[in-house]
Structure formats: structure tokens, C-alpha cells
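To start, the structure itself, in C-alpha cells.
The values are calculated or read from the model by the stated rules, or taken from the named source; none is laboratory data. No experiment lies behind these values; they were computed from the predicted model shown. Backbone-built Cβ (ideal geometry, glycine too); neighbour counts: all protein chains shown. Please note that ligands, DNA and RNA were not included when accessible areas were found on the heavy atoms of the full protein model with its side chains. Shrake-Rupley method; radii C 1.70, N 1.55, O 1.52, S 1.80 Å.
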Amino acid sequence: SKGPQIRALEQGCEFAVATPGRMNDLLEMGKVNLRRNTFVVLDEADRMLDMGFEPQIRKILQHVRPDRQMLMWSATWPKGVRKLAEDFMGQAT
């Protein structure tokens, strides 16, 4: 549930792992600030993009500094997903 997660964030953390939906919830609630983040990691990026999470990921990236480094992990890399990934890698906020 969100309660324990929010309390852990309020105590401070070096990194956070979240689904796109949960991260956006925490951003909207003002419980997390990504402006100082220097890294973004997307695991199973192909599946997230393939399953329609593009708008949620774009929303998160708007809150991360433009000079960030991105790592995208994937078992497969279809052409359509590659195009979206290239866009994410070059997206400036």
C-alpha cells in the first residue's frame, strides 16, 4: 500500500523502484521529487511500451532533469519500440 511507501520516501532514499502508475501517483501527491535525479532505469522497457505505458513514462520523464542518463533493459527490441525508446532517450524537459 502507499502508506508505508510514502513513509519510507519521507525518511529519505537514494533510489526508488516503482511501476509507472505508482510513480505518477506519488508525483501528483507531491511525495516524491525527481528534479535531482541523474539516472532513469526502465526494466522490461519493450513490454511497458508495447502495453501502452508510453503516456505514463512521458509524464514521469517531464519531472526528471534533462541531462539525465537513461538505461533501458529489454529481452526484445522490436522496431516500433526502438523508435519510442530513441525518443525517450533524446526527450528534453
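Among the residues of the range 50-63, not a single one is open to solvent by 70 Å² or more (accessible area, probe 1.4 Å) and of a type in the set (Phe, Trp, Tyr). The single condition from (1) in a helix (DSSP H, G or I); (2) surrounded by 10 or more Cβ atoms within 10 Å (Cβ to Cβ) that Pro4 fails is (2). Here the helices (runs of 4 or more DSSP H) wholly within the range 14-90 that include at least 1 residues being within 28 Å of Ser1 (Cα to Cα) and free of Cβ contacts under 8 Å to residues at least 60 places away in the same chain are 20-28, 45-50, 54-61. Scanning the range 23-36 for residues that are among the polar types (S, T, N, Q) and surrounded by fewer than 16 Cβ atoms within 10 Å (Cβ to Cβ) turns up just one, Asn33.
Taking into account only those residues within the range 39-49 that are in contact with a strand residue (DSSP E or B) (Cβ under 6 Å, 6 or more places away or on another chain) and open to solvent by less than 60 Å² (accessible area, probe 1.4 Å), which is modelled with the highest pLDDT? Please lay out each step first, then the result.
First pass over the range 39-49, keeping only residues in contact with a strand residue (DSSP E or B) (Cβ under 6 Å, 6 or more places away or on another chain): 39-42, 45.
Right, trim to open to solvent by less than 60 Å² (accessible area, probe 1.4 Å) and you get 40, 42, 45.
Working: Val40: 92, Leu42: 89, Ala45: 85.
Among those residues, the one meeting the criterion is Val40.
Keeping to the range 64-81, report how many residues are buried (at least 16 other Cβ atoms within 10 Å of the Cβ) and more than 23 Å from Thr38 (Cβ to Cβ). Walk me through how you get there before you give the answer.
Initially, the range 64-81 is screened for residues buried (at least 16 other Cβ atoms within 10 Å of the Cβ), giving 64, 68, 70, 72, 74, 81.
Add one more test, that the residue is more than 23 Å from Thr38 (Cβ to Cβ), and what stays is 81.
Of the residues in the range 64-81, 1 are buried (at least 16 other Cβ atoms within 10 Å of the Cβ) and more than 23 Å from Thr38 (Cβ to Cβ).
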